[in-house]
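What follows is calculated from the coordinates using simple rules that are stated; it is not laboratory data. What you see is a predicted model; the values in this text were computed from it and never measured. Neighbour counts are summed over all protein chains in view; Cβ atoms, including those assigned to glycine, are modelled from backbone coordinates with ideal geometry.
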Amino acid sequence: MTSILLTHIKQLLQVRKNSPANIPGTAMDDLPLLEDAWLWIENGVIKDYGHMDELPQVNVPHKDCSSSLVLPTFVDPHTHLVFANWREEEFEMRIKGYSYEEIAAAGGGILNSAKKLQYMDEAQLYERAMERVHEIIQTGTGAVEIKSGYGLSVEAELKMLRVIKKIKENAPIPVKATFLGAHAFPVAYKLNHAGYIDLLVNEMLPQIADEGLADYIDVFCERGYYSVAETEKILEAGAKYGLKPKIHVNQFSSSGGVQVGVKMNALSVDHLEVMGDDEINSLKNSHTIPTLLPSCSFFLGIPYGPARKLMEANLPVALGTDYNPGSTPSGNVAFLLSLACIKLKMTPFEAINASTINAAAAIELQHQLGSITRGKKANLIITQPIPSLAYWMYAFGKGNQLIKEVIIN
Ligand code: NIG
Ligand code: FE
């Protein structure tokens, strides 16, 4: 039995006696905390916590956390961290004035990644992706969702999903796998969308279900990518295999994709840089979690999602990094939180709720992670001595250096 007692914690954050399913809108600005606290971990699980006045007299190793904040690790509910190579050449094109969409139309973008991935074997892809998984753990991520979508052929999509499965089996943190075969149309099917969708529905999905390779299904519903009708068709096919939708919508344009997500009972709708009142209203009384990816907005120079409006509508906003080689070459949650405060005008409390419990809910891990609750997994961040939570986000760019230790299990 391994056991440890963290003592003299300056602030133990996100303490919830009973774990909520998620924290909606106005409640997000409340982050329950305990000052001068202890936390007892046993066998990878949070056993108990309390005030230093009532420190249990037990013979287990102690770890002094004076001047540190302790909080649950982040959950990253949206990444594409399996890929062959970076795409900094597109970064330079964007500096010269080409947009993400123009670069994609010229053969860059997702198709560029698909070309690179096609020639890389499973072992090497796994090795590179696993390095990224260890990188994000070090910067405080304690659970992650990973998408396919740089394969775009039966063979390569299965290859990507097998890599994700292997990560799931070997990573020290929980991993969820999402099938994103509908990320772009491969060149050969540019004029034959129905042909590719047929491949996706009748060849990819049955094999994915057979091998148990995916938890969720995703579609890039966007002008120039998948139409609303195509999205619905693909999500319906996924539903037959029990795959819940988590979709890319309203990144560059609004088309009704959010409403289709709600109709199909999507677990989350992600991006949402372009949102009207109709879309926001459609999310009320749904189980669909709006997930914002402000690092992508920052990197591409596109608008930021309307976090405040979504919270005013009492929705449980989640945050994800979108870690991928094209639109967000960063899995850095500390920076994401600074952006959430600076650009989305979220308070530090709201940002933490969005990247812990609500992000956990966006990948159905809210019963295991996302709060300091007895019985939950002891995936925790111990910060360096810092004056306050707000300071951590205020000191943008320095957030990772302010993490002293990440405890996993
Ligand atoms: O979430 N928008 C679609 N997919 C990714 C970008 C993929 C890429 O450019 O490689 C995103 O931003
Ligand atoms: Fe994405």
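For the pair Tyr391/Arg374, report the inter-label distance in nm, with labels modelled 7 Å from Cα in the Cβ direction.
Each label point is offset 7 Å from its Cα along the Cβ direction, giving 3.3 nm.
Student exercise: in the stretch 71-228, how many lysine pairs 8 or more apart or on different chains have Cα atoms under 29 Å apart?
29
Compute the distance in nm between two label points, each set 7 Å from the Cα along the Cα-to-Cβ direction, one at Arg223 and one at Ala21.
3.6 nm
For the stretch 246-356, what number of Lys pairs, 8 or more residues apart or on separate chains, have alpha-carbon atoms under 20 Å from each other?
Working: Lys246/Lys263; Lys246/Lys284; Lys263/Lys284; Lys284/Lys309; Lys309/Lys343; Lys309/Lys345.
Step by step, the pairs that qualify in the stretch 246-356 add up to 6.
Per DSSP H run of at least 4 residues, take -39500 (n - 2.57); add these up for the chain, divide by its residues and hand me the 222 nm value, nearest 500 deg cm²/dmol.
It comes out at -9500 deg cm²/dmol, rounded to the nearest 500.
Suppose R0 equals 22 Å; then what is the FRET efficiency for Ser253 and Lys116 from their Cβ-Cβ distance, rounded to the nearest 0.05?
0.20
Please check: in the Gaussian network model of the chain (C-alpha springs, under 10 Å), which one of Asn170, Asn358, Asn265 has the largest mean-square fluctuation.
Of the options given, Asn170 has the highest mean-square fluctuation.
Spin-label point model (7 Å from Cα, Cβ direction): what's the Ile342 to Val58 distance in nm?
4.2 nm
What are the lysines whose alpha-carbon lies under 22 Å from the alpha-carbon of Lys10, with same-chain residues fewer than 8 places away excluded?
Cross-link targets: Lys47, Lys63, Lys376, Lys377, Lys398, Lys404.
What does the C-alpha gyration tensor say about the overall shape of the stretch 75-361? Classify as rounded when a/c is under 1.5, otherwise prolate if a/b is larger than b/c, or oblate.
rounded
What does a probe at Arg308 reach in the stretch 16-50, counting residues whose amide N is under 18 Å from the point 7 Å along Cα→Cβ?
The answer is 25-30.
Subtract the Cα-Cα distance of Lys284 and Ala239 from 0.36 nm times their separation in residues, and report this length gain in nm to one decimal. Show your work: numbers first, answer last.
On the way: separation 45, 0.36 × 45 = 16.20 nm, distance 2.22 nm.
Taking Lys284 through Ala239 to full extension adds about 14.0 nm, to one decimal.
Kindly identify the stretch 282-409 as rounded, prolate or oblate by the Cα gyration tensor criterion: order the square roots of the eigenvalues as a ≥ b ≥ c, call it rounded if a/c is under 1.5, otherwise compare a/b with b/c, prolate if a/b is larger, else oblate.
On the way: a/c = 1.55, a/b = 1.10, b/c = 1.41.
Oblate, because a/c is 1.5 or more while a/b does not exceed b/c.
Go ahead and run the numbers for FRET between Asn192 and Thr2, Cβ-Cβ distance against an R0 of 41 Å, rounding to 0.05.
According to the calculation, E is roughly 0.15.
Work out, step by step, the length gained on full extension between Glu88 and Glu155: first 0.36 nm times the residue separation, then minus their alpha carbon distance; give nm to one decimal.
Numbers: separation 67, 0.36 × 67 = 24.12 nm, distance 2.66 nm.
So the extension gain works out to 21.5 nm.
Counting only the backbone N, which residues of the stretch 142-164 are under 20 Å from the spot 7 Å out from the Cα of Gln207 toward its beta-carbon?
What the label zone holds, given the 20 Å backbone N cut-off, is 147-164.
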